[in-house]
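Here's the structure, in structure tokens; my notes come after.
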Amino acid sequence: MELFTLLETLEEMLENSKTVPFSGKAIIEKEEMLDIIKEIRIKLPDELKQAKWVKEERQRILVEANKEAEDIVKEAENRIISMIDEHEITRKAYEQKAQIIETANEMSREISKGTKDYADNLLGNIEVVLGDALKMIQNNRRELQ
């Protein structure tokens with residue numbers, strides 16, 4: 001089961017459990033609850049591995065984008081050197097160089113922002129899930145005590 005499904009199952013168990021009269025405490029199947037908590041613990045490392053992969057993938061994309069930007073800049077510089085003899089060609093080369101550099105920088109910023117947003121969103125979702133799971137487990141432990 002996925003983490004969300006396991007958490008929903010826990011929630012349903014608590015909502016559908018019998019209550020102790022005159023208190024907010026619930027009667028639950030201890031073994032069933034412990035089995036679900038055990039499954040959640042098993043699933044957590046996968047979610048953490050996925051978050052680590054996202055972070056590494058983001059870094060790889062940034063490095064690749066920077067290398068691509070450098071390659072574009074070098075290509076523009078090489079074009080300029082080869083056209084230096086003619087005035088009109090030289091002027092156009094400088095314009096093109098600036099445009100290529102700006103385009104490369106913009107692409108780099110967009111890729112960087114996109115990967116940061118994606119990683120932040122994924123990590124935020126994982127943080128919420130883990131926070132909810134922790135709160136639920138803490139509440140269940142308090143109730144069990």
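Taking the conditions (1) surrounded by 15 or more Cβ atoms within 10 Å (Cβ to Cβ); (2) farther than 30 Å from Leu7 by Cβ in turn, Thr115 satisfies each one other than (2).
Would you point out which residue out of Gln50, Gln59 is in contact with a Leu (Cβ under 8 Å, 6 or more places away or on another chain), under 30 Å from Asp132 (Cβ atoms), of a type in the set (S, T, N, Q) and in a helix (DSSP H, G or I)?
Gln50
If I filter the stretch 1-39 down to residues being outside any helix (DSSP H, G or I) and in contact with a strand residue (DSSP E or B) (Cβ under 9 Å, 6 or more places away or on another chain), which single residue comes out as farthest from Val129 (Cα to Cα)? Quick ask: steps written out before the conclusion?
Taking the stretch 1-39 first, the residues outside any helix (DSSP H, G or I) are 1-2, 17-29.
With the extra rule that they be in contact with a strand residue (DSSP E or B) (Cβ under 9 Å, 6 or more places away or on another chain), the set shrinks to 17-20, 25-28.
Working: Ser17: 23, Lys18: 26, Thr19: 26, Val20: 29, Lys25: 24, Ala26: 23, Ile27: 25, Ile28: 23 Å.
Ranking the qualifying residues of the stretch 1-39, first place goes to Val20.
For the stretch 77-112, name all the residues that are outside any helix (DSSP H, G or I) and surrounded by fewer than 12 Cβ atoms within 10 Å (Cβ to Cβ). Listed by number, the residues that qualify are Ile84, Asp85, Glu86. Within the stretch 113-133, residues that are under 13 Å from Ala51 (Cβ atoms) have Cβ atoms under 9 Å from residues that are acidic (Asp, Glu) in these pairs: Tyr118/Glu57; Ala119/Glu57; Ile126/Glu47; Val129/Glu47; Leu130/Glu47, counting only partners at least 6 apart in sequence or on another chain.
Scanning the stretch 1-47 for residues that are surrounded by 12 or more Cβ atoms within 10 Å (Cβ to Cβ) and touching a Lys or Arg at 6+ places or on another chain (Cβ under 6 Å) gives a single hit, Leu3.
Each reported figure results from applying straightforward, stated rules to the coordinates on display, with no laboratory input. Here the structure is a predicted model, which is why all the values come from computation and not from measurement. We place every Cβ from the backbone using ideal geometry, glycine too, and count neighbours over all the protein chains shown.
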